[in-house]
Amino acid sequence: MVVVSGKIRKLLIDGGVATAEDWSIAKERGGHLLENLISSGTITADSLLEALGRGANLPPVDLLRVTPDPSALERIDGDACTQNLILPISLNGDVLTIAVSDPFDVLLKDDLRRRTGCQIQQVLSHPSDILQAIDGAFNAGSRQVEDLLEEVAGETGIEVAVQEELDDIDISAASGDDAPAVKLINLILMRALKQKASDIHIEPLDRGIVVRFRVDGALREAMTPPKALLSALTSRLKILAQLDIAERFTPQDGKFQIRYEGRQIDFRLSILPVVGGEKAVMRILDTGSMSMRLDQMGYEDRALSHIEKAVESPHGMVLITGPTGSGKSTTLYSCVQRVASPEINVTTVEDPVEYRMNGINQVSVNPKRGMTFAGALRSILRQDPDVVLLGEIRDKETADIAVKAALTGHLVLSTLHTNDAASTITRLVDMGIDPFMVSSSLLCVGAQRLGRRLCDSCRVEVDLPEKQLLNVGFKESELGQHQLFGPDLAGCSRCNSGYRGRFAILETLYFNDDLRRLVIDGAPVHDIKRAAVDGGMISLRRVALKNAMRGVTSLEEVLRVTMGDE
């Protein structure tokens, strides 16, 4: 029960608004005294507000016409507001404005000052209006979540579990399945999987939250939950990934698993403190997408033959380069599946292990425990491996060990972050690897990108000026020979964006004697690339253009994902 200060009683009785008997009767009824006086008709809400305002010298506020500032609401939780019959409505610097029904409660004001770390500025409002505003401010999130859930009442559910040593532990009951945050996280995960998203972004805004899915390489807005749910959503994700829910000012990384439609799906979670709260990003690792063979990846015939020839070699190094999210891991896993057999010992070193493969020894890097790429690779070489998959070459030490392994009878598969295949050579040399060692160990370097595939159901024909086509890389002999297509920006029921799915764009630099001689002589990148093109290499831009000529993608997508050839 909210305690009403004696000063209010004196103001009402001395002002003739109520009598001592009226006060005693209202007190005997229990509950909130002022609400009892108003509901019994003894006083009116306006007369109460007028008397309190005059006595406390405070302005009245109509909360039904005020939208509370989300940053102010974050300072005091809903339970405390209901218990004390208060509502924070604005925050200006370190001054927090709070609507109160009892302006004479000095202890409450001091407590709020300590709890919020702000100077407290009070305004008056009716008790009933404060309760109604509290419900609207703090419970609107639950109602919006319920509305979202009703929209997808027919969608199948997911079973969420924590990953601990790859064993699924069902924690749904312990976390409270009925909580709005739990339901909303499940809904977000479910919709992301149905839309075949690769990443989920949960971002705080000034007055809300935006949830975006990366589908086919492009971000799409999925929903905008209320800002009041941000803390609960990030806490739920931290619980799933076994992170510290009390830590809100330090980046955290974790992982968890879910079971959806009979298959296990991994999520890598990253929490980053930003202005307005914490941003959460989840990378979706669906093992179902890793069952592709090299000949199902859609590579050009020449690139495919280079990769297949390289991975079937008894020793040497094969590198796949490109930015994050360009499909390098998928290509490497497909290479491993190509060579894996009971007669071959295949071992991987990854950070982290993204997909589990049967019959493959997989090592997860853990620098905190002394398990680095270089350290793990040294140990692996004492395990009699035939093929080593190294998740990434990050430093000179790792590069040096990998090159020496490739020169001593092992097939080494790895990735590197470079813009194209030719740049990989200078990158290794810059790391401190001798050019002779680079030329002797490398078999093939592939630079990869992922382009969006046009939706077959709604793509539209486009006609572009010949000058524009020549500028982007078309040859004169190709002009007028192919019908080009573009996306229907409105999309259709199958795609919603004009694109549906992605395809791989791969250029391969396969080493021959001429290229090895250039590397040993320290030739610049453009000379190495020119020699590779003269030897038949199809560049990233040309591969993308070939797909545009086939109607697979648009010219806009070609320009988005590839650089022009010099």
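The values are calculated or read from the model by the stated rules, or taken from the named source; none is laboratory data. Bear in mind the structure is a predicted one, so any value in this text is a computation, not a measurement. For neighbour counting, all protein chains shown are included, and Cβ atoms are generated from backbone atoms with ideal geometry for every residue, glycine included. Accessible surface areas use protein heavy atoms only, side chains included; no ligands, DNA or RNA. Shrake-Rupley method; radii C 1.70, N 1.55, O 1.52, S 1.80 Å.
Using alpha carbons only, how many degrees (0 to 90, rounded to 10) separate the axis of helix 106-116 from the longest principal axis of the chain? Taking the Cα atoms of the chain, the angle to 106-116 is about 0 degrees.
Rg and Dmax, both from the Cα atoms of the chain and both in Å, are 32.2, 107. Sparsely packed loop sites in the stretch 497-566 (the trypsin sites (Lys or Arg not before Pro) outside DSSP H, G, I, E and B with at most 14 other Cβ atoms within 10 Å) comprise ARG550. Computed extension gain for HIS482 through LEU272, at 0.36 nm per residue and net of the alpha carbon distance, reaches 70.9 nm. Per residue, the chain exposes 48 Å² of accessible surface when a 1.4 Å probe is rolled over the protein heavy atoms with every protein chain present. Can you tell me the 0 to 90 degree angle between the C-alpha axis of helix 45-56 and the longest principal axis of the chain, rounded to 10? For helix 45-56, the angle is close to 90 degrees.
Within the full protein context, the accessible area of GLU354 is estimated at about 30 Å² for a probe radius of 1.4 Å. For the chain, taking a cut-off of 4.7 Å between Cβ atoms, the unpaired cysteines are CYS81, CYS118, CYS335, CYS444. A simple packing score, the average count of other Cβ atoms within 10 Å per residue, orders the peptides 356-367, 409-420, 264-275 as 409-420, 264-275, 356-367, with the highest score first. Treat the stretch 412-566 as a sphere of radius equal to its Kirkwood radius over Cα pairs and apply Stokes-Einstein at 10 °C in a medium of 1.306 mPa s; give the translational diffusion coefficient in µm²/s, rounded to a whole number. Value of D from the Cα-based Kirkwood radius: 93 µm²/s. How large a share of the accessible area of the chain, in percent, is made up of carbon and sulfur atoms when the probe is 1.4 Å and the other protein chains stay in place? Whole-percent figure for carbon plus sulfur exposure: 48. For the stretch 365-482, the Cβ-based charge dipole about the Cα centre amounts to some 560 debye (Lys, Arg positive; Asp, Glu negative; other atoms uncharged). Its Cα centre serving as origin, the stretch 255-362 has a Cβ charge dipole (Lys and Arg +1, Asp and Glu -1) of approximately 260 debye.
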